[in-house]
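Chemist: Please read through the structure below; I'll follow up with questions.
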Amino acid sequence: MRAVQLYGKENMRINNIEKPQINENEILLKIKAASLCGTDVRMYKNGATGIDEHHPLTLGHEISGIIEEVGNNVTSYKIGQRVSVAPNVGCGNCDQCINGNTHLCTNYRAFGIHLAGGFAEYLKIPEKAIQQGNITFLANSTSFEQAALIEPFSCVFNGQEIAGSFPGEIIGGGPIGIMHAMLAFNKGAGQVILTDHHENRMEAVKKILPQLTILSGENLADKIAEKTQGKGIDLCIVAAPSSQAQTESMYYMATNGRLLFFGGLPKNRENVAINTNILHYKQLRIFGCTRASLSSYRNSEKLIASGQVPIERLITN
């Protein structure tokens, strides 16, 4: 079968490799769609621990497909079923796993990051992933391309579940920022402001979600104050890997507001200066989030299947 494999920093190849063989407790998935994540790009640009010329890794963790083979001991799934797969597999024994947070397991393993991923014709689903519930059935109305985007959307869902839902601002007009806006509107936000320094992105975003309020340029704090009648932002989601954006976001906030730092920063910019007086006197709450629980993944599939979140507008090619 063909597979896209990473051999190290900026060293990626399309190879013909052996089709996976499953045992009686595993499933073989025929991949129908696999979307590209910022994590894949970072791994390509920077390399990743354990990946080298002698230990290549098939990338891809946003995946959907059709069950091709089922092990004799697997009773919950059948050949031909349309499914998507949540990528993070916990150890199953730690406190986080027992509480249902397998994505927060210290020893988690993920398809396309630690395990062979979905940028290939076939993917083997191990027993532990099957038992933990990483496989999700797809509604007939959900395309494979939409299903591949369940994973990043579920991370957005997870973040907003943690921070709560209010009318607010999103910093960063990439796919994740747009997903945050889609979910915020779905939850009833009357106004969502999006900011980004890339003008071409802003034009594309406006076509995807015309109801968004778009702001850019200098003096953003003043512009936001004007749009919110001087109140400020109830919920600010920083969906850009920018320490400057995280620092400046404090100045946009309303009293008793919530601030969500979504995603990580590059290692050389991970220490961020924050005005703690604003945090104190405005009684702000700051949240972080990472990955997504299996519950968030399943709920995201239902939202996308319902047609309430037009995730397909993000698919370009």
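Chemist: Rounded to the nearest 500 deg cm²/dmol, what is the calculated helix-only ellipticity per residue at 222 nm for the chain, with -39500 (n - 2.57) per DSSP H run of length n ≥ 4?
Modeler: Value at 222 nm, helices only: -8000 deg cm²/dmol.
Chemist: Pick from Asn271, Asn88, Asn25: which is most flexible by mean-square fluctuation in a GNM of the chain where alpha carbon atoms under 10 Å apart are linked?
Modeler: Sorting by GNM fluctuation, first place goes to Asn271.
Chemist: To continue, here is another question. Per-residue accessible area for Glu10 at 1.4 Å probe radius, Å² rounded to 10?
Modeler: 110
Chemist: Using a 7 Å offset from the Cα along the Cα-to-Cβ direction at both Thr247 and Asn16, what is the distance between the two label points in nm, to one decimal?
Modeler: 5.4
Chemist: How large a share of the accessible area of segment 1-61, in percent, is made up of carbon and sulfur atoms when the probe is 1.4 Å and the other protein chains stay in place?
Modeler: 46
Chemist: If you average the alpha carbon positions of segment 294-317 and of segment 134-163, how far apart do those two centres end up, in angstrom?
Modeler: Spelled out, the Cα-based centre of one part sits 5 Å from the other.
Chemist: Can you tally the net charge around Gly263? Count Lys and Arg as +1, Asp and Glu as -1, for every other residue whose Cβ sits under 13 Å from the Cβ of Gly263.
Modeler: Neighbourhood net charge equals +2.
Chemist: Students sometimes get this wrong: rank Tyr108, Tyr77 by accessible area, probe 1.4 Å, all chains present, largest first.
Modeler: Putting Tyr108, Tyr77 in descending order of accessible area: Tyr108, Tyr77.
Chemist: Mind giving me the nanometre distance, one decimal, between the label points for Ile214 and Glu69, set 7 Å out from Cα along Cα→Cβ?
Modeler: Computed distance between label sites Ile214 and Glu69 equals 5.0 nm.
Chemist: Could you compute how fast the chain diffuses translationally, taking Rh as the Kirkwood radius over C-alpha pairs and applying Stokes-Einstein at 37 °C with viscosity 0.692 mPa s? Give it in µm² per second.
Modeler: For the chosen part, D equals 159 µm²/s.
Chemist: Sticking with this one: Using a simple charge model, +1 on the beta-carbon of Lys and Arg, -1 on the beta-carbon of Asp and Glu, nothing else, what dipole does the chain show about its Cα centre, in debye to the nearest 20?
Modeler: Dipole size: approximately 320 debye.
Chemist: Related question: Using every pair of alpha-carbon atoms in segment 181-286, split the distances into 10 Å bins beginning at 0 and state the percent of pairs per bin, rounded to integers.
Modeler: Percent of pairs per bin, in order: 13, 45, 35, 6.
Chemist: Classify segment 79-206 as rounded, prolate or oblate, taking a ≥ b ≥ c as the square roots of the eigenvalues of its Cα gyration tensor: rounded when a/c is under 1.5, otherwise prolate if a/b is larger than b/c and oblate if not.
Modeler: prolate
Chemist: With only Lys, Arg, Asp and Glu charged, each at its Cβ (+1 for the first two, -1 for the last two), find how big the charge dipole of segment 212-307 is about the Cα centre; round to the nearest 20 debye.
Modeler: 340
Chemist: Okay, moving on. How compact is segment 3-87 by the rule of thumb for globular proteins, expressed as Cα Rg over 2.2 N^0.38 Å?
Modeler: 1.24
Chemist: Let's test the formula: R0 of 35 Å, r as the Cβ-Cβ distance of Cys94 and Glu24. What FRET efficiency results, to the nearest 0.05?
Modeler: It comes out at approximately 0.85.
Chemist: Find the accessible area per residue for the chain; the probe is 1.4 Å, ligands and nucleic acids are left out, and the unit is Å².
Modeler: Averaged over the residues of the chain, the accessible area is 49 Å².
Chemist: At 1.002 mPa s and 20 °C, plugging the Kirkwood radius over alpha-carbon pairs of segment 56-125 into Stokes-Einstein gives what diffusion coefficient in µm²/s?
Modeler: The diffusion coefficient I find is 162 µm²/s.
Chemist: Which whole-angstrom value gives the distance between the alpha carbon centres of segment 1-33 and segment 245-281?
Modeler: Taking the Cα centre of segment 245-281 as reference, the centre of segment 1-33 is 40 Å away.
Chemist: Let me ask you something else. Checking the table Lys231/Lys302; Lys206/Lys227; Lys30/Lys128; Lys9/Lys124; Lys231/Lys267; Lys19/Lys302 against a 29 Å threshold on Cα-Cα, which pairs fail?
Modeler: Listed pairs above 29 Å: Lys231/Lys302; Lys231/Lys267; Lys19/Lys302.
Chemist: Compute the semi-axes of the equivalent ellipsoid of segment 103-163, taking the square root of 5 times each eigenvalue of the Cα gyration tensor, and list them largest first in whole Å.
Modeler: After scaling each eigenvalue by five and taking roots: 20, 19, 12 Å.
The values are calculated or read from the model by the stated rules, or taken from the named source; none is laboratory data. Everything numeric here is computed off the predicted structure, so don't read it as measured data. Here the Cβ is made from the backbone with ideal geometry for all residues, glycine too, and neighbour counts use every protein chain on show. Keep in mind that these areas ignore ligands, DNA and RNA; they rest on the heavy atoms of the full protein, side chains included. Shrake-Rupley method; radii C 1.70, N 1.55, O 1.52, S 1.80 Å.
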